[in-house]
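The values are calculated or read from the model by the stated rules, or taken from the named source; none is laboratory data. Just so it is clear, the structure is predicted and the values come from calculations on it, not from any experiment. Note that we place each Cβ from the backbone using ideal geometry, even for glycine, and neighbour counts take in every protein chain shown. Areas reflect the complete protein model, heavy atoms only, side chains present, ligands, DNA and RNA absent. Shrake-Rupley method; radii C 1.70, N 1.55, O 1.52, S 1.80 Å.
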Amino acid sequence: MKKVVKAVVQIRYSILLLASLFVSYGVYLLVEWTSRNFADLTMDQVIFHILVPLEGADTNFMASVMEEVLQPAFLIMLIAGVFLYVHCKISVTTYLNVYLKESGRRYKIPIWSKRIYKRLLAVSCIILMMLTLDSADKSFALQSYISDQLNSTSFIEDHYVDPSGKLTFPEEKKNLIYIFLESMEFTYASEEYQGAFKENYIPELLEIAGENISFSNTNGYGGYKDAFGTSWTMAAMFAHSTGLPLKLPIQGNTMSEYGVFLPGVISIGDILKEHGYSNNLLIGSDATFGGRRNFYIQHGDYDIIDYKKALEDELIPEGYSVWWGYEDEKLFGFAKEKLLELNEKDEPFNLTMLTADTHHEDGYMDETTEVKFEEQYANVIANSSKQVDEFLAWIKQQDFYSNTTIVIVGDHGTMDVDFLDDIDTYYERTMYNVFVNPVHTVDVKVSKNREFTAFDLFPSTLSSLGVEIEGGKLGLGVDLFSGEKTLLEEYGIQMNMELARKSSFYTSRFIGGIGADPYENSHK
């Protein structure tokens, strides 16, 4: 019986070693794959996507992970397992022969060889984990992340301005159309227009910016900078809506346990709903991905038309799927229909949109995309610029335009790994922004040579609708129309260093109150 127990222990230990090899090598390959496919990725973004639903992610990325991560890891485990079986004679067959004594012959396991091989496997796992940590530190600044989690700051608590009771809406409320352009930067302009390229990939967007109000970090064209906790799509949408970075603690929590997406925040959706607006979200992907569905339903009760809804309502054929769901050409078409529908109602509306064709890697070329440049991504960017221009021209022909403000922004910097390889190392990348038909006009002194972030777009958007903001500040943002200094202008890079650190105030104030109504909870 002792031999049976020993055999079982050997089998279990071997399985544990093989599983450890699969996990350690798989994690190493995953870190390497992530750094190859995502530029400028942060550890906070990695943690966020571990905690939130991945449902609705681009199937091409899933297939790539399967091919470049899971399959090689499984193959290595299989080879190691076969070698272990053949060389060390540790198998279920060994166990059965010992237990049943069918052959009458005992296997003599070469103990020295077995021990060396198992130790070799164990050492391999340790080396792989060390390589993984080193790769994660180089790609995602892992050491800095750990350091930030061990150091607390009161920066958010010191500067956060609660929107409660600070807003006065005009009698005649303006409609809002808010367009997030995936990865859209002023960087894509030519050098003569303060861009980074020899050719201008966004001529229409530059013309729109020049004819309307666009805040710039230069004396010419330019935009806003990614701040900590705003550099991926959900984080950017959250920051534009709340004036806050997206920070999630990792101590045993997952998004599914929250019930409400950061219930303590007040978003622009909460505010507009409270003042009689109809909130609507239009995206060509599955809204579940990244927690977007939770956020927009629970903060403003948005009517969501996403890829799944488009299938249900037969807006697209059954089984239709390109890129992340359906392409931007259809998105703008559906937006026109939705706007005409909203215009028929008595209540003011807010239509928020998110494009996807310019997502990395290399973007999506539909049938309407002209091939003008060598790189596919450049052609996709140029097509997006053209689509926005045509959509805006259509809006201006509608009777609701006179009472509607359109805000167009890039959500964050591109994560395409090679598109920006040849630009000047010292070029300062900024995201696109423009306010079309706002209530205000601004002097050049107010709109140019500004240092600002997505946080500042939150109060600025409300201000562009004619909403009076007591003190000119909301969240961590400053109303850019007011000319007051932003946090980035006041603190510079120190702002991001402070935001990266642990904030007990953020956790208790915004993540606490699980299950509570987000608007009411924030008043407590």
### Task
Give segment 221-251 a look and list any residue that's open to solvent by 20 Å² or more (accessible area, probe 1.4 Å) and without any contact (Cβ under 8 Å) to a residue 60 or more places away in the chain, or say none.
Tyr221, Gln251
### Summary
Result of the Cβ filter at 6 Å on segment 487-503, keeping first residues that are more than 12 Å from Thr453 (Cα to Cα) and partners that are among the hydrophobic types (A, V, I, L, M, F, W, C) and in a helix (DSSP H, G or I), at least 6 apart or interchain, is Glu498/Phe155; Ser503/Ile156
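Hey, any hits in segment 376-383 for a residue that's over 22 Å from Phe289 (Cβ atoms), β-branched (Val, Ile, Thr) and open to solvent by less than 70 Å² (accessible area, probe 1.4 Å)? Show your work before the answer.
From segment 376-383, those over 22 Å from Phe289 (Cβ atoms) are 376, 378-379, 381-383; that's our starting set.
Cutting the leftovers down to β-branched (Val, Ile, Thr) gives us 381.
Still in the list and also open to solvent by less than 70 Å² (accessible area, probe 1.4 Å): 381.
Within segment 376-383, one or more residues are over 22 Å from Phe289 (Cβ atoms), β-branched (Val, Ile, Thr) and open to solvent by less than 70 Å² (accessible area, probe 1.4 Å).
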### Summary
Apart from one, (1) within 24 Å of the chain's Cα centre (by Cα); (2) charged (D, E, K, R); (3) open to solvent by 50 Å² or more (accessible area, probe 1.4 Å); (4) within 19 Å of Gly284 (Cβ to Cβ) all hold for Asp366; the odd one out is (3)
### Query
Name the residues in segment 395-423 that are at pLDDT below 90 and either farther than 15 Å from Tyr201 by Cβ or not in a loop (DSSP other than H, G, I, E, B) (or both), would you?
Met415, Val417, Asp418, Asp421
### Query
Can you name every residue in segment 196-213 that is among the small types (Gly, Ala, Ser) and surrounded by fewer than 24 Cβ atoms within 10 Å (Cβ to Cβ)?
Ala196, Gly210
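What residue, of Ile177, Ile156, is within 24 Å of the chain's Cα centre (by Cα), more than 30 Å from Leu340 (Cβ to Cβ) and β-branched (Val, Ile, Thr)? Talk me through it step by step, then tell me what you get.
Working: Ile177 fails: more than 30 Å from Leu340 (Cβ to Cβ).
Residue meeting the stated conditions: Ile156.
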### Filtered residues of segment 428-472 (kept if in a helix (DSSP H, G or I), open to solvent by less than 10 Å² (accessible area, probe 1.4 Å) and hydrophobic (A, V, I, L, M, F, W, C))
Ala454, Phe455, Leu457, Phe458, Leu462
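Select the helices (runs of 4 or more DSSP H) contained entirely in segment 253-356, then report the ones holding at least 2 residues which are of a type outside the set (D, E, K, R), closer than 30 Å to Lys473 by Cα and within 22 Å of the chain's Cα centre (by Cα).
Details: elements: 255-258, 268-274, 292-298, 307-312, 328-343.
Ranges flagged: 255-258, 268-274, 292-298.
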